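Okay, structure first, notes after.
The values are calculated or read from the model by the stated rules, or taken from the named source; none is laboratory data. Note that the structure is predicted; figures quoted are calculated from it, not measured. Here Cβ is always computed from backbone atoms with ideal geometry, including for glycine, and neighbour counts include all displayed protein chains.
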Amino acid sequence: MSKEKFEPRWPDEPNENDVYLPDDLDSRTPHPQTAPKAVFDIISSTYYSRSKLYNDFARFKLFPKLPTELRRIIWRLSLPGQRVVEVLFDNFTGQCRSSCPIPIALHVSSEARGVALESYELAFGTAEAEAVVYFDFKIDALFLGLGNFAPSSWDPARYFFRKLQSIDLCRLQHIMIQDTMRSLYPGFDGINGSPTNLGGFQDGIGSEGDTMENNVSEFRLKSLVALTIISHGNMDVVIQKTEGGDGEFHTWDILDDGKPMPWLLAENDSTVKAMRVSQIWRLSELAKDTGATSLTTVRSVGMKRLRTDKVWAKRVAFLDQHILPGGFNACFYPKDGVLARVLEMEFSQPHLYDELNEYLRIDPEYLYIEAPRSGRGSVGFSSLAPDYPRGCYPRRFPQGASCRG
């Protein structure tokens, strides 16, 4: 007897605690106690450091005499594995660049380069500019970070995807995106707005059951397997498709020591974590059910957890010195304590933030940004590319702001 296809049953609206609870919770597959390998794979670089192998022999002079196939195996093993490729997009020239180091095998010899080119290719070209970023579509993750796009009145990720060629889009399997990009630009709903958004990707289900524009389908991201959403705070949750299942997902809470624990949603849970996780869990299953993607893994991780991850060291260091207000512009501001407190209040104490908004009769963030303060300036684009061309222009930003281009 064939197994009946899993069809998720989620409500269109959250409960009184703004939490989504599946209508079929009692009939779902029991949550296992041990996480599958895919969960450990996506969190491994954050919690499990890999010791480098040091060899006293700087050179192996007999390497050229080895059989060709053995040399090719060695070159293949020298490749770096999965890389997080941060793309910097210039919407004036249509050029995509990246500061991600190029695999060294591409520069060693013609033989090594030939082996590397079996995995890597130049990607992310547009109609205006040729591709110059080496990328392995099978394992590399494309990272869309704040500060890496020119300021815009609408979502820069959508503009970026529309510029890319379909031959690249349809092969993207791993994407990482900063959570703030969902609410930074007008019309791009955030976690407290429309429940149809998942890190820039909509599930296609409207609040009244109407079919909405589906970003995954629109941009032909049919091969998308893993999506990582990077947010503020200290949360780390992995929503993983069940082993052998066809669309059901289980949720894993990653403890501070990297141990995955089953995360079971309680009906009376009113925490911010429950709100966020339930929304992402819902969207993961709905996106999978529509057939718009090959999605199997969604991770929502706070920047605090990534502090021990060497991959994110440079960005974490930059963010430690700057802060990005949401909703008004795309420039980073030097931290002075005031704006950080305002943003923290908005994120963790939304009711208090709303009270302050009513008292001031103006959004607290907007008040801070508009207030003229001597010596305060903003920084456009990520520190990973301080020489990024033609970036921010002061005329696009509030009074007193200046941007590095």
### Query
Just one of the numbered conditions (1) surrounded by 15 or more Cβ atoms within 10 Å (Cβ to Cβ); (2) in contact with a helix residue (DSSP H, G or I) (Cβ under 7 Å, 6 or more places away or on another chain) is not true of Gln82; which one?
(2)
## Note on the structure
How many residues of the range 157-177 are part of a strand (DSSP E or B) and either touching a residue at least 60 places away in the same chain (Cβ under 8 Å) or more than 18 Å from Asp140 (Cβ to Cβ) (or both)? The answer is 2
### Task
Just give me the residues in the range 230-279 being under 19 Å from the mean Cα position of the chain (by Cα), under 17 Å from Arg9 (Cβ atoms) and not in a strand (DSSP E or B), in sequence order.
Ser278, Gln279
### Message
Taking the criterion of being farther than 23 Å from Val87 by Cβ and at pLDDT 70 or above, would at least one residue in the range 391-402 satisfy it?
### Response
no
### Query
So, in the range 111-137, of the ones that are touching a helix residue (DSSP H, G or I) at 6+ places or on another chain (Cβ under 8 Å) and of a type in the set (Val, Ile, Thr), which residue ends up surrounded by the most Cβ atoms within 10 Å (Cβ to Cβ)?
Val115
### Query
What are the residue pairs meeting all of these: first residue in the range 236-260, first residue more than 14 Å from Ile42 (Cβ to Cβ) and modelled with pLDDT under 95, second residue among the basic types (Lys, Arg) and surrounded by fewer than 19 Cβ atoms within 10 Å (Cβ to Cβ), Cβ atoms under 6 Å, and 6 or more apart or on different chains?
Asp246/Lys5
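Out of the residues in the range 200-229 meeting the condition of being outside any strand (DSSP E or B) and modelled with pLDDT of 85 or more, tell me which one is surrounded by the most Cβ atoms within 10 Å (Cβ to Cβ). Walk me through it before giving the result.
Step one: list which residues in the range 200-229 are outside any strand (DSSP E or B), which gives 200, 203-204, 206-210, 212-225.
Then drop every residue that is not modelled with pLDDT of 85 or more, which leaves 223-225.
On the way: Ser223: 16, Leu224: 23, Val225: 16.
Looking at the filtered set, the residue picked out is Leu224.
With a cut-off of at least 1 residues that are under 30 Å from Phe6 (Cα atoms), name the helices (runs of 4 or more DSSP H) lying wholly within the range 20-138.
Working: elements: 37-47, 68-77, 105-108, 110-116.
The helices (runs of 4 or more DSSP H) meeting that bar are 37-47.
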### Message
Suppose the filter is exposed (fewer than 15 other Cβ atoms within 10 Å of the Cβ), of a type in the set (S, T, N, Q), modelled with pLDDT under 90 and more than 28 Å from Phe161 (Cα to Cα); does Ser51 pass it?
### Response
yes
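When you look at Leu283, is it of a type in the set (A, V, I, L, M) and without any contact (Cβ under 8 Å) to a residue 24 or more places away in the chain, yes or no? Break it down into steps so the answer makes sense when it comes.
Details: of a type in the set (A, V, I, L, M): yes; without any contact (Cβ under 8 Å) to a residue 24 or more places away in the chain: no.
No, not satisfied.
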## Note on the structure
Condition set in a loop (DSSP other than H, G, I, E, B) and among the small types (Gly, Ala, Ser), scope the range 287-322, selection nearest to Leu172 (Cα to Cα): answer is Ser294
### So Gly94, is it of a type in the set (Gly, Ala, Ser), touching a residue at least 40 places away in the same chain (Cβ under 8 Å) and over 27 Å from Ala313 (Cα atoms)
yes
### Summary
Leu324 fails exactly one of (1) under 18 Å from the mean Cα position of the chain (by Cα); (2) modelled with pLDDT of 80 or more, namely (2)
